[in-house]
1. For a Förster distance of 30 Å, can you work out the FRET efficiency between the beta-carbons of D191 and E132, rounded to the nearest 0.05?
2. Going highest first, how would you order 130-138, 151-159 by mean Cβ packing within 10 Å?
3. With a 10 Å radius around each residue's Cβ, average the other Cβ atoms per peptide and rank 161-172, 185-196, 18-29, highest first.
4. Compute, for region 1-47, the length of the dipole vector about the Cα centre, with Cβ point charges of +1 (Lys, Arg) and -1 (Asp, Glu) only. Units Debye, rounded to 20.
5. According to a simple spin-label model (label point 7 Å from Cα along Cα-to-Cβ), what is the distance in nm between D35 and D125?
6. Nearest 0.05, what FRET efficiency do L159 and T115 give at R0 = 22 Å with Cβ-Cβ as r?
7. How far apart, in nanometres, would the label points at Q140 and Y183 be if each is projected 7 angstrom from Cα along the Cα-to-Cβ direction?
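What follows is calculated from the coordinates using simple rules that are stated; it is not laboratory data. Bear in mind the structure is a predicted one, so any value in this text is a computation, not a measurement. Every residue, glycine as well, gets a Cβ built from its backbone with ideal geometry; the counts of neighbours run over all protein chains shown.
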Amino acid sequence: PETPDVFLRADLPWYGLDAGWQGTRSLGAVCTGPDGLVEFGTLRHGDAGATRPDSMTQRRAVTVLTMARLGRRPLAKPDGSAAGSVEAMTVSAAAALAGVGLVDDNWPWHLDATTRQYWVDQQRDMAYEVAETLGADPWQPLTLLVGEQQQEFHYRESLYGWVMAAARPDCFLAAYGRGVSAYSLAFVRVDPTLYS
């Protein structure tokens with residue numbers, strides 16, 4: 001987890017769950033681009049990931065991901081020279097990162113290490129592929145409150161939990177979770193220092 005000042009230095013409108021969430025809150029991680037700008041970050045709500053292979057505890061957790069609307073980003077060659085630009089920040093990218101986060105939070109401990117890594121790689125690839133099909137199966141619309149406004153999300157469920165993503169005027173907003181009904185959630189702008 002990062003420190004609060006890393007979040008505060010970022011030019012991002014951080015979102016988290018509203019006061020209806022009575023569970024724990026903690027800082028997640030931030031990702032910084034090659035130009036030093038924070039591209040996205042996460043705020044965690046609820047139980048931490050399992051730390052023991054034999055843990056059978058039913059987890060209740062939601063992670064909220066805020067992604068900057070940075071437009072086209074510089075693309076560099078391995079030697080550092082310019083190689084054009086790429087449109088990296090999209091609602092599909094936010095959905096993909098949330099899908100990968102869900103996979104990484106739900107390792108199948110009962111598999112041997114080699115098989116487990118194959119499973120994780122396969123599921124990550126699938127998260128990226130599925131994120132390119134927003135608006136079609138397995139995605140469905142889900143409208144939730146963000147602040148005082150109704151916001152339509154792209155939403156999907158899996159064996160391991162759920163994923164949602166939406167385009168906001170000030171950012172791309174995504175979330176993933178398990179053990180908590182996505183239909184019961186609402187989001188608001190939050191102060192990251194309250195998550196330390």
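1. On the way: r = 34 Å, r/R0 = 1.14.
After rounding to 0.05, the efficiency reads 0.30.
2. Details: 130-138: 13.9, 151-159: 17.7.
Per-residue mean Cβ counts within 10 Å order the peptides as 151-159, 130-138.
3. Values: 161-172: 20.9, 185-196: 16.3, 18-29: 14.2.
Sorting 161-172, 185-196, 18-29 by mean packing, highest first, produces 161-172, 185-196, 18-29.
4. Details: 3 positive and 7 negative charges, 30 e Å.
The dipole magnitude comes to about 140 debye.
5. 3.3 nm
6. Numbers: r = 17 Å, r/R0 = 0.76.
Taking R0 as 22 Å, the efficiency between L159 and T115 is 0.85.
7. Taking the simple label geometry, Q140 and Y183 are separated by 0.9 nm.
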